[in-house]
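What follows is a single structure, written as C-alpha cells, with notes after it.
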Amino acid sequence: MTDFIAGLPKVELHLHIEGSLEPELMFELAQRNQVAIPFDSTEAVRAAYDFHNLQSFLDIYYQGANVLIHEQDFFDLTWAYLLRCAQDNVIHTEIFFDPQTHTDRGIEFATVVNGICRALEQGRTELGISSQLIMCFLRHLDEEAAFHTLEMALPFKDKIVAVGLDSSEQGNPPQKFARVFARALEYGFLTVAHAGEEGTPQNIRDALSLLSISRVDHGVACAGDEALMDELAQNRMPLTVCPLSNTKLKVFERMEDHNIAMLLRRGLCVTINSDDPAYFGGYMTDNFSAVANALPLSEAELAQFTLNAIEASFVDATSKAEMTARVQAYLAAR
Ligand code: ADE
Ligand code: ZN
C-alpha cells in the first residue's frame with residue numbers, strides 16, 4: 001500500500017501556501033529580512049506546534065508569516081512547496097493565499113501575488129505541475145476589509161480563479177460575508193469557503209446557500225446531519241478534507257475516528273488534502289498514508305480520492321480528462 005500511495009497521481013485542492021512555511025525556511029527568511037522570531041532553533045519551532053484547537057494553531061501561523069516580506073520570499077515559499085508536490089506525485093494543485101495577513105503588515109498585494117505566480121509558472125514548465133490560485137478572506141476581520149481586499153485583487157483577476165473564506169470559524173459565520181461573496185461572483189470569481197471544520201452543519205448549509213460555493217473546505221461536520229449528507233452526495237458537492245489537520249487540531253481525537261471513509265462510501269465527493277503541511281506534520285503522501293493506515297480502504301477507494309479531486313478541480317474538461325487518464329493508466333499498470 002505504501003508503494004501504491006507513493007506512486008498514485010494526486011491533486012491537491014486545500015493548501016494554504018503560508019501553511020507550507022517549514023521552520024528551516026522561516027529561520028532563513030527571518031535572518032535574510034532581519035525579522036525577530038520568538039524561537040531560537042527549528043526544534044523549538046516544531047515543539048511549539050502542539051495545538052489543542054484551530055485558534056491555538058492560527059495564533060502561531062499568523063506569527064510565522066511575518067518573515068515573508070519580499071517577492072522573492074513568496075517565490076521561495078511556493079517553490080519549496082512545489083518541490084514537495086513533485087516528490088509526492090501531485091500533478092495539479094489549487095492553493096490558497098491570505099492577502100490580508102500581508103497587506104495589513106504593509107506588504108503590497110502585487111508583491112505577494114507576483115512571487116507566488118512566478119513559482120507556479122516555473123512549476124508548470126520545470127515540474128509539469130499545473131495550478132490555480134485562490135484568494136481567502138480572513139473571517140475574523142470585518143466585511144469592509146474583505147471588500148477592500150476584493151478590490152485590490154481586481155487587477156490580478158486573470159491569476160486568481162476563486163475567493164475563499166478561512167481563519168476562525170466560530171463566531172464568524174458565512175452570513176458575515178454574503179455581500180462580499182455576491183460581489184465576487186459578479187466579478188466572475190468562483191467561490192469556496194471553510195465550513196464545518198470546527199463549526200456546525202448549519203455553517204455548511206449557510207455557506208452553500210449564502211455564498212454559492214463550488215466546494216466546501218473541510219465540511220466534516222456534515223456527518224452530524226443525515227439530510228445534509230444526502231444532499232451533498234446527490235449534488236456531488238466536493239469536500240476538501242484534511243486528515244492530518246483534523247487530528248492535529250483535535251477535530252478528531254485519532255485518525256481511526258475520522259469519518260472520511262464513511263463519507264466516501266456514502267457517495268460524497270470527498271478529497272484528501274494537506275491544509276498547512278509544515279504545521280500539521282505532512283504533505284499529500286503523508287495524508288493518504290495516515291488515512292490508509294488507520295482506516296480500511298482499498299486501492300480503488302484511495303484512487304477515488306484523486307478522481308474526486310479531479311472532478312472538483314477548477315480546470316477545463318480537457319485537463320480533467322488528461323488527469324483522469326493518468327490515474328487510469330497508473331491503475332492499469334499495477
Ligand atoms: N487558515 C489556515 N489553515 C486554516 C484552517 N485549517 N482553518 C481555517 N483557517 C485556516
Ligand atoms: Zn484550510
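Where helices (runs of 4 or more DSSP H) fall wholly inside segment 231-322, the ranges with 2 or more residues that are surrounded by fewer than 23 Cβ atoms within 10 Å (Cβ to Cβ) and either hydrophobic (A, V, I, L, M, F, W, C) or modelled with pLDDT under 95 (or both) are 260-265, 284-294, 299-312. Which ones in segment 26-75 are away from ligand 2 (no atom under 16 Å from the Cβ), within 25 Å of residue 136 (Cα to Cα) and crowded, with 20+ Cβ neighbours inside 10 Å? Those that are away from ligand 2 (no atom under 16 Å from the Cβ), within 25 Å of residue 136 (Cα to Cα) and crowded, with 20+ Cβ neighbours inside 10 Å: 26, 29, 67, 68, 73, 74.
When segment 103-132 is filtered for residues that are more than 19 Å from the chain's Cα centre (by Cα) and among the small types (Gly, Ala, Ser), the ones remaining, listed by number, are 106, 110, 128.
The C-beta contact set for segment 199-222 (first residue within 17 Å of residue 314 (Cα to Cα) and more than 16 Å from ligand 1 (Cβ to nearest atom), second residue among the aromatic types (Phe, Trp, Tyr) and at pLDDT 95 or above, distance under 8 angstrom, 6+ apart or interchain) comprises 212/181; 214/314. Pairs are defined by a Cβ separation below 6 Å, a sequence spacing of at least 6 or placement on different chains, a first member in segment 251-274 that is within 17 Å of residue 240 (Cβ to Cβ) and free of Cβ contacts under 8 Å to residues at least 40 places away in the same chain, and a second member that is assigned to a loop (DSSP other than H, G, I, E, B) and aromatic (Phe, Trp, Tyr); the pairs so defined are 258/252.
Within segment 30-50, is even one residue touching a residue at least 60 places away in the same chain (Cβ under 8 Å), among the hydroxyl-bearing types (Ser, Thr, Tyr) and closer than 30 Å to residue 298 by Cα? No: segment 30-50 contains no residue that is touching a residue at least 60 places away in the same chain (Cβ under 8 Å), among the hydroxyl-bearing types (Ser, Thr, Tyr) and closer than 30 Å to residue 298 by Cα. Pairs only if they're at least six apart or on different chains, beta carbon under 6 angstrom, first in segment 151-174 and under 19 Å from residue 185 (Cβ atoms), second within 10 Å of ligand 1 (Cβ to nearest atom) and of a type in the set (D, E, K, R); list them, first residue then second. Going by the 6 Å Cβ cut-off, the qualifying pairs are 165/139. Of all positions in segment 199-214, none carries a residue that is within 16 Å of ligand 2 (Cβ to nearest atom), in a strand (DSSP E or B) and within 20 Å of the chain's Cα centre (by Cα). Test residue 90 against the criterion of being of a type in the set (Val, Ile, Thr) and either within 15 Å of ligand 2 (Cβ to nearest atom) or farther than 30 Å from residue 307 by Cβ (or both), and give yes or no. When the stated conditions are applied, residue 90 does not pass them. Checking the conditions here, which among 134, 116 is among the hydrophobic types (A, V, I, L, M, F, W, C) and out of contact with any Asp or Glu (no Cβ under 7 Å at 6 or more places or on another chain)? That would be 116, the only listed residue that is among the hydrophobic types (A, V, I, L, M, F, W, C) and out of contact with any Asp or Glu (no Cβ under 7 Å at 6 or more places or on another chain).
A quick yes/no check of all residues on (1) more than 16 Å from ligand 1 (Cβ to nearest atom); (2) closer than 30 Å to residue 307 by Cβ; (3) not charged (D, E, K, R):
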position	(1), (2), (3)
16	no, yes, yes
37	yes, no, yes
42	yes, no, yes
66	no, no, yes
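The values are calculated or read from the model by the stated rules, or taken from the named source; none is laboratory data. None of the values given here were measured: they were computed from a predicted structure. Quick reminder, even Gly has a Cβ in these numbers, built from the backbone with ideal geometry, and neighbours come from all protein chains shown.
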